[in-house]
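Some notes on the structure that comes next.
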Amino acid sequence: MARRCISASCPTRNSFYSRMSDNLSPEDRRKTMRAVKGKGTRLEKRLWAMLAGMGLKGWKKNAGTITGKPDVVFTSQRVAVFIDGCFWHGCPHCQRKLPITNREYWERKIKRNVELAQMHNEQLLQDGWTVVRIWEHEMADTAIIRARIRHALEGKE
Ligand SMILES: [Zn+2]
């Protein structure tokens, strides 16, 4: 893994992800490229690239038929993974500022996203899924995220 600065003010910190695949073998790099292709937000692509780098099998992107359309599902272990943008989901840690114009619109929209996510979590849990929700800002330490995903998968095997 590339060296990285954990200081929030460090200008190189945000470019960390562009170097994420530095240590990949050619085979892993191919997998990563395959995973990253296709439609998806930048955040989703980062998640997919990370999973591809982990060498895990049996995951699917953008599972449209599953409650809440998880960004990734591991179907056989019934593990659903979401990556939530800190702005769009009103992250309490980041407290992103809302645009000044149309403030009410943004507040409503974000509140709705939070409510929907909560509803989806509950439904998924009822249906026997394990839900892993990742905040955008948590991708700053993928080691923790990778451990959480492995833990969720191991719990289901
Ligand atoms: Zn955040």
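The values are calculated or read from the model by the stated rules, or taken from the named source; none is laboratory data. As the structure is a computational prediction, the values presented were derived from the model and not from experiment. Glycine gets a Cβ as well: all are built from the backbone with ideal geometry, and neighbour counts include every protein chain shown.
Odds and ends about this structure:
- Failed item in (1) modelled with pLDDT of 95 or more; (2) crowded, with 18+ Cβ neighbours inside 10 Å; (3) of a type outside the set (A, V, I, L, M, F, W, C), with K111 passing the rest: (2)
- Pair list, Cβ under 9 Å, 6 or more apart: segment 128-144 residue more than 21 Å from K156 (Cβ to Cβ) and assigned to a strand (DSSP E or B), other residue within 15 Å of the ligand (Cβ to nearest atom) and among the charged types (D, E, K, R): W135/D84
- Test: residue in segment 100-117 that is β-branched (V, I, T), touching a residue at least 24 places away in the same chain (Cβ under 8 Å), away from the ligand (no atom under 16 Å from the Cβ) and within 25 Å of F74 (Cα to Cα): no
- Search result, residues across segment 128-145 that are more than 16 Å from the ligand (Cβ to nearest atom) and more than 17 Å from R78 (Cα to Cα): A143
- For segment 127-155, the set of residues classified as in contact with a Ser or Thr (Cβ under 9 Å, 6 or more places away or on another chain) and surrounded by fewer than 14 Cβ atoms within 10 Å (Cβ to Cβ) consists of D127, G155, listed by residue number.
- Restricted to strands (runs of 3 or more DSSP E) entirely inside segment 42-92, those with at least 1 residues that are within 16 Å of the ligand (Cβ to nearest atom) and without any contact (Cβ under 8 Å) to a residue 60 or more places away in the chain are 79-84.
- Meets criteria (within 23 Å of K60 (Cβ to Cβ), in contact with a strand residue (DSSP E or B) (Cβ under 8 Å, 6 or more places away or on another chain) and away from the ligand (no atom under 16 Å from the Cβ)) for L125: yes
- Checking R150 against (1) basic (K, R); (2) at pLDDT 95 or above; (3) touching a strand residue (DSSP E or B) at 6+ places or on another chain (Cβ under 9 Å), the condition it does not meet: (3)
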